1. Would you pick out the residues in the range 175-226 that are hydroxyl-bearing (Ser, Thr, Tyr), under 16 Å from the mean Cα position of the chain (by Cα) and surrounded by fewer than 24 Cβ atoms within 10 Å (Cβ to Cβ)?
2. All but one of (1) surrounded by fewer than 20 Cβ atoms within 10 Å (Cβ to Cβ); (2) at pLDDT 50 or above hold for Gly61; which doesn't?
3. Look at Gly226 and say whether it is in contact with an Asp or Glu (Cβ under 7 Å, 6 or more places away or on another chain) and outside any helix (DSSP H, G or I).
4. Could you grab me the full set of residues in the range 237-280 that are in a loop (DSSP other than H, G, I, E, B) and farther than 25 Å from Gln33 by Cα?
5. For the list (1) in contact (Cβ under 8 Å) with a residue 60 or more places away in the chain; (2) farther than 27 Å from Lys313 by Cα; (3) assigned to a strand (DSSP E or B), I need the number of the one condition that Ala170 fails.
6. Looking at the range 401-423, which of the residues that are more than 13 Å from Thr58 (Cα to Cα), hydrophobic (A, V, I, L, M, F, W, C) and outside any strand (DSSP E or B) is nearest to the chain's Cα centre (by Cα)?
7. Do the conditions hold for Ser103, that is, is it in contact (Cβ under 8 Å) with a residue 12 or more places away in the chain, surrounded by fewer than 14 Cβ atoms within 10 Å (Cβ to Cβ) and either of a type outside the set (A, V, I, L, M) or touching a Leu at 6+ places or on another chain (Cβ under 6 Å) (or both)?
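The values are calculated or read from the model by the stated rules, or taken from the named source; none is laboratory data. Remember, predicted model here, so these are calculated numbers, not experimental data. With ideal geometry, Cβ positions are generated from the backbone for all residues, glycine too; neighbour counts draw on all protein chains shown.
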Amino acid sequence: MRSAMTAVLAMMLATACGAGTDGQDCASGKCDQPGGTNLQQCTSSRVSSMDERRPHFTPDGVRWSCRDVNGVTADSNTKDDRGQEYCEYFSMLHTDGIPSVISDSSGPVFCDASTPCAQGVCDTSIFSCVTAKSVDTSKQAKIMGKNIDARDLVTPLDPVLSAGQLDWLAANPDQKVGECVFTSWHNDRDQPITSTETVGGFRLDAKTPNSSAPLFKMLVQFNSNGAAKSLLDHCLQPGEESVMDGFMRACTSLCDGRSCLPFRKSDPSVCTMAMRVAECGCSINVKEAAGTRTLDLTRPADLQLANELFVPKSRRGFTLGTWDGIGQLPNGCRFVKTGVPETVTVGSVTVADPNTDQTIVACDLKGSHITATTAKDPKEACRTTYGDEVVVHVRAPLPGLATLSCDTTKPSCEGAPWDFSNL
């Protein structure tokens, strides 16, 4: 039965990927967003969401990786649909500081201990003359593929590297040449930056060069605190009973292409969580200064408070981490602290949250990451190297803020109703 289902899913996935915008082949990255019917897009989304090794659904909440689905690509050097998963990313490359291998008409200029260079210095590890042996990071890095407005306009993708620089990068695969930056900072949150940290020579409150766009903040319109709450609100209802699979029930019933885009990893996952809360008749018991109160979700004010519990305004954005946990990162990556308090506040209650200042991640961009396929688009190097491992976590309300009580007499409503085993 599982083999038959796998074959059907694979066939529908292939159909969906082949139905991109303008009739192009999404699987080969030639269209900027995947096409296909709602069912085809939901079937594609299910593949990663319900992966038994890395399921999007856990008792603690829902999660997904920053890497976009196949078919979400750039469609020019200054327009780019990548970064749709409440996690935008871009590359910072010390383009002017990357040395070059010096060549003449016959190729790289040879040197060794007895054959000095007429220009530059000798790199005896490759027996070639080079302009320098290490990357100069004294100047600010170039910013490539950074969103600068809601229309998917970005800073240029191509760093315009010389042939000599590409030769040097190939010969120095372990040298750090820049940063891959992943940010979940919601575009409608404006908490001040109090940290003095820098990335690529830029302060965290910097603007993107030649624009008024905040450099480390998401700019795509729907990557916002408000959009996430609207998505929860939209999906807080039962799905179509005839669809037995929990993920497909949420995606096909409730992801209408407006409030919930079925081809994304984030939208159907959040929608599934909200739908399961409704289907299991869960009540939300919120902590308040005067005690505990059960929210009445038919009242707009209480519904707004429920959404605030899952997507608090006091967090700058969703917490970043890995598949192994929200306090971890892939090798070569680090959290860039913005200086917000390690707490979360909802209503009149504030509780400790040691993971709240994890909305910006910087990862090493090395010479080995700049290949023939990424030399003109280092943002793609960031996507392929780190995008699958930097993970967005939407957490259930912390116990100090609220608890959920669900009707366990209903099917698959034991524990967290959205947990993988319940879908």
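1. The first filter runs over the range 175-226 and keeps only residues hydroxyl-bearing (Ser, Thr, Tyr), leaving 183-184, 194-196, 198, 208, 211-212, 224.
Subset that is under 16 Å from the mean Cα position of the chain (by Cα): 183-184, 224.
Residue satisfying the conditions is Ser224 alone.
2. Every listed condition holds for Gly61 apart from (1).
3. Values: in contact with an Asp or Glu (Cβ under 7 Å, 6 or more places away or on another chain): yes; outside any helix (DSSP H, G or I): no.
So Gly226 fails the test.
4. Step one: list which residues in the range 237-280 are in a loop (DSSP other than H, G, I, E, B), which gives 237-245, 255-265, 280.
Once the filter is applied, which keeps residues that are in a loop (DSSP other than H, G, I, E, B) and farther than 25 Å from Gln33 by Cα, the range 237-280 yields Gln237, Pro238, Gly239, Glu240, Glu241, Ser242, Val243, Met244, Asp245, Cys280.
5. (3)
6. For the range 401-423, the residue satisfying everything is Leu401.
7. Working: in contact (Cβ under 8 Å) with a residue 12 or more places away in the chain: yes; surrounded by fewer than 14 Cβ atoms within 10 Å (Cβ to Cβ): no; either of a type outside the set (A, V, I, L, M) or touching a Leu at 6+ places or on another chain (Cβ under 6 Å) (or both): yes.
Answer is no for this residue.
Table: residues versus (1) buried (at least 21 other Cβ atoms within 10 Å of the Cβ); (2) closer than 24 Å to Gly415 by Cα.
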site: Ala250; (1), (2): yes, yes
site: Phe263; (1), (2): yes, no
site: Leu309; (1), (2): yes, yes
site: Gly327; (1), (2): no, yes
site: Asn331; (1), (2): no, no
